[in-house]
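Just below is one structure, and these are the notes that go with it.
The values are calculated or read from the model by the stated rules, or taken from the named source; none is laboratory data. This is a predicted model, so every value here is computed, not measured. Cβ placement follows ideal geometry from the backbone for every residue including glycine, while neighbour counts extend to all protein chains displayed. For the accessible areas, the whole protein counts, side chains as well, though only heavy atoms, and no ligand, DNA or RNA atoms are used. Shrake-Rupley method; radii C 1.70, N 1.55, O 1.52, S 1.80 Å.
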Amino acid sequence: MPNITVYGAGSWGSALAVLMANAGHQVALIGRNPDEMERLKKQRENARYLPGVSLPPQLLPTTDLKQLNADLVVFSVPSHSVREAAQFVKPYLRQGCIVVNTAKGLEDKTHLRLSEVLKEELPHHPIAVLSGPSHAEEVARDMPTTVVVGSDVKTAETVQDMMMTSKFRIYTNPDVIGVELGGALKNIIALCTGIAEGLGFGDNTKAALMTRGLAEIARLGVALGGHPLTFAGLSGVGDLIVTCTSLHSRNRRAGVALGQGKPLETVLKDVGMVVEGVRAARVAYELSIEKNVSMPITEQAYKVLFEGADPQEAVVDLMSRGKRHELEEVVEMSWLR
């Protein structure tokens with residue numbers, strides 16, 4: 001039996017399976033489409049998601065759920081599928097095996113973080129969250145990458161020991177809330193950065209969105225129980241930088257198309273993969289109202305995505321807001337008086 005199984009054969013799941021198989025693990029990569037998995041097995045390549053990347057001999061593409069009997073199971077499914085996937089695989093998991101979630105999002109109706117969803121569905125399994133600046137296309141090609149795993153100390157260090165390689169460096173962080181929220185909320189800002197690019201704006205605008213976007217990510221994250229320093233780390237500013245600037249970023253690409261005037265439905269179809277920032281914008285906007293947290297960029301993203309607001313007008317609204325201190329939360333400190 002494999003000692004690591006990846007459930008979900010998209011780009012990120014395939015990249016992690018390649019990474020760990022190249023590191024010497026026996027890895028099962030489980031997908032739900034028998035024909036597609038048979039092609040992977042024969043061609044030794046996931047041509048749809050990772051063209052040009054060879055699948056190592058230690059990697060078994062399969063639909064056999066018995067392969068979930070592993071020491072460590074990596075969930076690599078879209079955020080909206082996490083609960084259903086957990087329910088589906090639960091009978092096949094080895095007792096007490098660690099479950100690592102890699103999706104970056106929030107559950108729509110419940111507003112739960114995905115680790116909370118997994119704890120509800122898999123209460124007898126240690127849960128960890130893997131996040132950070134890590135495009136699948138680069139990880140699969142063994143380019144140096146650093147990520148963070150959020151969990152209790154014992155679980156996080158076990159994941160670190162099993163998954164870290166000379167090219168894939170893993171840090172640990174007990175602040176699961178902050179790690180998850182940084183990874184989920186940065187997708188909204190990446191959408192907005194893409195929209196700005198699509199409108200023809202330059203680097204000044206993108207830098208402003210990233211900087212002020214990080215401020216509101218941290219603001220909501222702290223309100224929900226995260227530690228402020230986490231948002232200055234890999235799952236915060238690190239993931240924000242790569243998702244807002246990389247050509248690999250589907251959230252950025254979707255934003256560019258929206259800025260160029262394409263309707264959301266067409267954009268999502270053209271991207272061809274899940275754009276997590278769209279769902280995240282709705283949940284984050286609702287949470288900002290619930291927690292009374294100021295998130296002006298997220299608010300404008302919500303209006304553009306779900307209320308048909310014009311992106312140009314959204315920029316005007318952002319730039320025309322009342323005067324503020326940059327450090328609004330510490331405005332009462334003595335050195336500002």
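State all residues of region 1-54 that are hydrophobic (A, V, I, L, M, F, W, C), free of Cβ contacts under 8 Å to residues at least 40 places away in the same chain and not in a helix (DSSP H, G or I); if no residue qualifies, say none.
Within region 1-54, the first condition is being hydrophobic (A, V, I, L, M, F, W, C), and the residues that meet it are 1, 4, 6, 9, 12, 15-21, 23, 27-30, 37, 40, 47, 50, 53.
After this cut, where a residue has to be free of Cβ contacts under 8 Å to residues at least 40 places away in the same chain as well, the list is 21, 27, 29-30, 37, 40, 47.
Those that are hydrophobic (A, V, I, L, M, F, W, C), free of Cβ contacts under 8 Å to residues at least 40 places away in the same chain and not in a helix (DSSP H, G or I): V27, L29, I30, A47.
Which one of G183, G194 is in a helix (DSSP H, G or I) and touching a strand residue (DSSP E or B) at 6+ places or on another chain (Cβ under 7 Å)? Step through it out loud before you land on a result.
Details: G194 fails: touching a strand residue (DSSP E or B) at 6+ places or on another chain (Cβ under 7 Å).
After ruling out the rest, the residue left standing is G183.
Scan region 211-229 for residues that are open to solvent by 10 Å² or more (accessible area, probe 1.4 Å) and either assigned to a helix (DSSP H, G or I) or under 22 Å from K262 (Cα atoms) (or both) and jot them down.
T211, R212, L214, A215, A218, R219, V222, A223, P228, L229
Restricting attention to region 56-67, does a residue exist that is within 25 Å of G183 (Cα to Cα) and touching a residue at least 24 places away in the same chain (Cβ under 8 Å)?
The answer is no; no qualifying residue exists.
Any residue in region 56-74 that is closer than 30 Å to S166 by Cα and of a type in the set (K, R)?
Looking for residues that are closer than 30 Å to S166 by Cα and of a type in the set (K, R), one finds none in region 56-74, hence no.
If you go through region 150-179 one residue at a time, how many are part of a helix (DSSP H, G or I) and out of contact with any helix residue (DSSP H, G or I) (no Cβ under 6 Å at 6 or more places or on another chain)? Before the answer, list the steps.
Within region 150-179, the first condition is being part of a helix (DSSP H, G or I), and the residues that meet it are 153-163, 176-179.
Now narrow it down to the ones that are out of contact with any helix residue (DSSP H, G or I) (no Cβ under 6 Å at 6 or more places or on another chain): 153-163, 177.
Residues in region 150-179 being part of a helix (DSSP H, G or I) and out of contact with any helix residue (DSSP H, G or I) (no Cβ under 6 Å at 6 or more places or on another chain): 12 in total.
Can you find, within region 230-258, the residue that is least open to solvent (accessible area, probe 1.4 Å) among those that are of a type in the set (D, E, K, R) and touching a residue at least 40 places away in the same chain (Cβ under 8 Å)?
Start the filter on region 230-258 by keeping residues that are of a type in the set (D, E, K, R), which leaves 239, 250, 252-253.
Then keep just the ones that are touching a residue at least 40 places away in the same chain (Cβ under 8 Å); that gives 239, 252-253.
On the way: D239: 3, R252: 25, R253: 85 Å².
Restricting to residues being of a type in the set (D, E, K, R) and touching a residue at least 40 places away in the same chain (Cβ under 8 Å), the top hit is D239.
Select, from V82, V74, the only residue that is closer than 21 Å to E157 by Cα and either touching a His at 6+ places or on another chain (Cβ under 6 Å) or crowded, with 19+ Cβ neighbours inside 10 Å (or both).
Testing whether each residue is closer than 21 Å to E157 by Cα and either touching a His at 6+ places or on another chain (Cβ under 6 Å) or crowded, with 19+ Cβ neighbours inside 10 Å (or both) leaves just V74.
In region 259-275, which residue that is free of Cβ contacts under 8 Å to residues at least 40 places away in the same chain and among the aliphatic types (A, V, I, L, M) is farthest from V82 (Cα to Cα)?
Ranking the candidates gives V267 first.
Would you check which residues across region 97-110 are open to solvent by 40 Å² or more (accessible area, probe 1.4 Å) and either of a type outside the set (K, R) or within 16 Å of the chain's Cα centre (by Cα) (or both) and list them?
D108, T110
Under 8 Å between Cβ atoms, which residue pairs at least 6 apart in sequence (or on different chains) link something in region 154-178 that is among the acidic types (D, E) with a partner that is open to solvent by less than 40 Å² (accessible area, probe 1.4 Å) and outside any loop (DSSP other than H, G, I, E, B)?
Note: pairs meeting the criteria are D175/G150; D175/T230.
Report, by residue number, each residue of region 292-321 that is of a type in the set (V, I, T) and within 26 Å of the chain's Cα centre (by Cα).
Just the residues of region 292-321 that are of a type in the set (V, I, T), to begin with: 293, 297-298, 304, 315-316.
V293, I297, T298, V304, V315, listed by residue number.
Which one is nearest to A232 (Cα to Cα) among residues in region 122-149 that are among the polar types (S, T, N, Q), open to solvent by less than 40 Å² (accessible area, probe 1.4 Å) and not in a loop (DSSP other than H, G, I, E, B)?
The first filter runs over region 122-149 and keeps only residues among the polar types (S, T, N, Q), leaving 131, 134, 145-146.
If we keep only those that are open to solvent by less than 40 Å² (accessible area, probe 1.4 Å) too, we end up with 131, 134, 145.
Narrowing the set further to residues that are not in a loop (DSSP other than H, G, I, E, B) leaves 131, 145.
Values: S131: 13, T145: 17 Å.
Only one residue tops the list, namely S131.
Look at region 157-210 and say how many of its residues are charged (D, E, K, R), in contact with a Cys (Cβ under 9 Å, 6 or more places away or on another chain), open to solvent by less than 30 Å² (accessible area, probe 1.4 Å) and more than 24 Å from A15 (Cα to Cα). Let's see the steps before the verdict.
Narrowing region 157-210 to residues charged (D, E, K, R): 157, 161, 167, 169, 175, 180, 186, 197, 203, 206.
From the residues that got through so far, the ones that are in contact with a Cys (Cβ under 9 Å, 6 or more places away or on another chain) too are 186, 206.
Subsequent filtering for residues that are open to solvent by less than 30 Å² (accessible area, probe 1.4 Å) retains 186.
Remaining after also requiring more than 24 Å from A15 (Cα to Cα): none.
So the answer is 0.
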